[in-house]
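First the structure, in the form of structure tokens, and then the observations on it.
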Amino acid sequence: MLKKVLAKKSAPANATALPMATAQCAVANGGTPEQCVCSLDALNRGQKARVCAVAGPNRCRLMELGFTSGTEVEVSRRAAFGGPLEVRLRSYRLSLRRDEAESIRVETMS
């Protein structure tokens, strides 16, 4: 039984050495790992991206905070256990809840 569980959790032989968020983003969208569109919460710490779209109930508020199309953002910190994440954009840092970050679509930068 234990061998079956371990076999399911091991990575496939053709797995790449890319950061997990970039690999998931590329596979989900059928794109290349260098540039792909995913949600802001899928990025790893230190990863940079460019905002593509903002949706959800807080759309207007997020756009007023600076999440407009074409804005460059960087995830600077991530809290443990599904907590907020800190994003650097324009000339300031901003903390967002995970559900708010999910509604921001970004294009990763190489």
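Read-outs throughout are calculated quantities, based only on the coordinates presented, and are distinct from any laboratory measurement. Because the structure is predicted, anything quoted here is derived from the model rather than measured. We place every Cβ from the backbone using ideal geometry, glycine too, and count neighbours over all the protein chains shown.
Phi-derived couplings, Karplus 6.51 cos²θ - 1.76 cosθ + 1.60 at θ = phi - 60°, listed residue by residue for the range 101-108: 5, 5, 7, 9, 8, 10, 10, 5 Hz, with x used for Gly and Pro. Compared with the alpha-carbon gap, the fully stretched path from E102 to T71 is longer by 9.5 nm at 0.36 nm per residue.
Each Lys and Arg contributes +1 and each Asp and Glu -1, all at the Cβ; summed about the Cα centre of the range 37-110, the dipole is approximately 180 debye.
Computed packing ranks the peptides 77-86, 46-55 as 46-55, 77-86, most packed first, by mean other Cβ atoms within 10 Å.
Take the Cα of Y92, step 7 Å toward its Cβ, do the same at K48, and the gap between the two points is 2.2 nm. Taking label positions 7 Å along the Cα-Cβ direction at both A79 and E64, the computed distance is 2.2 nm, reported to one decimal.
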